[in-house]
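Read the structure below first, then the notes.
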Amino acid sequence: MPLDRINGYTPEETATLLTKAGVSREKLSFDKLVLKSFLGGCFISLGAHCDLIVAAGSPGLRDSNPSLATMIAGFTFPLGFVLIILTNSELFTSSLFFMTYTTLQRKTSILGSLKVLVTGYIFNFAGCLFIAGFLCWWSDTLSTDPEKSYAALQAEQRVNQQWSVNFLRGIGCNWFVGLAAFLAMASGDHVSKIYSIWIPVWSFVILGYQHCIANYYLIPIGMFYGTNFGVGKFIYQSIIPVTIGNIIGGCILSGFVFWFLYGRDAPADQNENKELDKKDAPNGEQDRSSRAILPEPVPYNS
């Protein structure tokens, strides 16, 4: 029994899970896709809200050691991604990875992928505004003046950047998101999945990269408390460049790269996989000594 395989899948086996995840997305009924997308926006916002409260409540640490403050606050941010993975909810940025991968495999259609991505983006946005409005602004969870001031400050720092800076930060962010999704797929148990998600997501927060869906919480909440920019600048300086950057990071650096490595030559279906196993095993029986000691792979969607 190969003990080194108990808690994970090989990249080739993970590729099969990626295919299942993309195909299952396209097959979702519209009502389920809407609800999963709304929950995805809520969960991302809850992680961002934890990050914001920790950072906002540490003004002394931010002044004396900003890197340490960013690292400590950023440690709470991956909560949202973990909730999405383990509840099988929907997130636009990870869908870019999955749908690019399966569309390049010709397992999903361009129109089906666009349905998943556009619906996910719109209702992720709705979920973020729900948390920002109801569970932050109206619930007064940022109750002190320093917390409210920091909420506005961090929003200004995200928007008042050169267009190219936000664009490149968007690319870097979704490269990490794609890696987190791949590593989560490759993990065979929940503890391993959580660890595999946490480290890449925590890293992109520390590096200052930007996530277009998280920004739909972090920037509006700052605007609620007063910022030096309006909706037009938010759209042009943040939404457009960060979203385009996320698309490039998710589609090219994640989806295309992993398709090129593991998806181009994948069998057309699971039956073909089984036939290949039989050909390689003596007497037509599968050689289980070379297989992972794992349950049947579950295609987590996000």
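The values are calculated or read from the model by the stated rules, or taken from the named source; none is laboratory data. Note that the structure is predicted; figures quoted are calculated from it, not measured. Cβ placement follows ideal geometry from the backbone for every residue including glycine, while neighbour counts extend to all protein chains displayed. Side chains included, ligands, DNA and RNA excluded: accessible areas come from the protein's heavy atoms. Shrake-Rupley method; radii C 1.70, N 1.55, O 1.52, S 1.80 Å.
For (1) under 22 Å from Ser203 (Cβ atoms); (2) among the hydrophobic types (A, V, I, L, M, F, W, C), each residue gets a yes or a no:
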| residue | (1), (2) |
| --- | --- |
| Val34 | no, yes |
| Gly57 | no, no |
| Ser64 | no, no |
| Thr70 | yes, no |
| Pro78 | yes, no |
| Ser109 | no, no |
| Tyr121 | no, no |
| Leu129 | no, yes |
| Ser139 | no, no |
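For (1) touching a Leu at 6+ places or on another chain (Cβ under 9 Å); (2) among the β-branched types (Val, Ile, Thr); (3) in contact (Cβ under 8 Å) with a residue 12 or more places away in the chain; (4) under 28 Å from Gly250 (Cα atoms), each residue gets a yes or a no:
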site: Glu13; (1), (2), (3), (4): yes, no, yes, yes
site: Ala21; (1), (2), (3), (4): no, no, yes, yes
site: Asp31; (1), (2), (3), (4): no, no, no, yes
site: Leu39; (1), (2), (3), (4): yes, no, yes, yes
site: Cys42; (1), (2), (3), (4): yes, no, yes, yes
site: Ala48; (1), (2), (3), (4): yes, no, yes, yes
site: Asn65; (1), (2), (3), (4): no, no, no, no
- [ ] Output the residues belonging to region 194-217 that are open to solvent by less than 10 Å² (accessible area, probe 1.4 Å) and either hydrophobic (A, V, I, L, M, F, W, C) or in a helix (DSSP H, G or I) (or both).
- [x] Ile197, Val201, Phe204, Cys212, Ile213, Ala214, Asn215, Tyr217
Open item on the list: So the check is Cβ under 8 Å with 6+ separation or different chains; which pairs have a first residue in region 100-111 that's modelled with pLDDT of 95 or more and a second one that's among the charged types (D, E, K, R) and open to solvent by less than 30 Å² (accessible area, probe 1.4 Å)?
Closed with: Thr108/Arg25
- [ ] Confirm whether Val165 is open to solvent by 40 Å² or more (accessible area, probe 1.4 Å), at pLDDT 95 or above, aliphatic (A, V, I, L, M) and over 18 Å from the mean Cα position of the chain (by Cα).
- [x] yes
Task: Flag for Gly232 being assigned to a helix (DSSP H, G or I), farther than 22 Å from Ala69 by Cα and without any contact (Cβ under 8 Å) to a residue 24 or more places away in the chain - done: yes
TODO: Restricting attention to region 52-95, report how many residues are open to solvent by 30 Å² or more (accessible area, probe 1.4 Å) and part of a helix (DSSP H, G or I).
DONE: 18
Task: Filter pass, Gly226 being on the phi > 0 side of the Ramachandran plot and either in contact (Cβ under 8 Å) with a residue 60 or more places away in the chain or in a helix (DSSP H, G or I) (or both) - done: yes
Open item on the list: If I ask for residues that are open to solvent by 10 Å² or more (accessible area, probe 1.4 Å), farther than 30 Å from Leu17 by Cα and either touching an Asp or Glu at 6+ places or on another chain (Cβ under 8 Å) or β-branched (Val, Ile, Thr) (or both), which ones from region 99-146 would you list?
Closed with: Thr141, Thr144
Task: Matching residues, region 229-248, being under 14 Å from Ser164 (Cβ atoms) and crowded, with 16+ Cβ neighbours inside 10 Å - done: Gln237, Ser238, Ile240, Pro241, Val242, Ile244, Gly245, Ile248
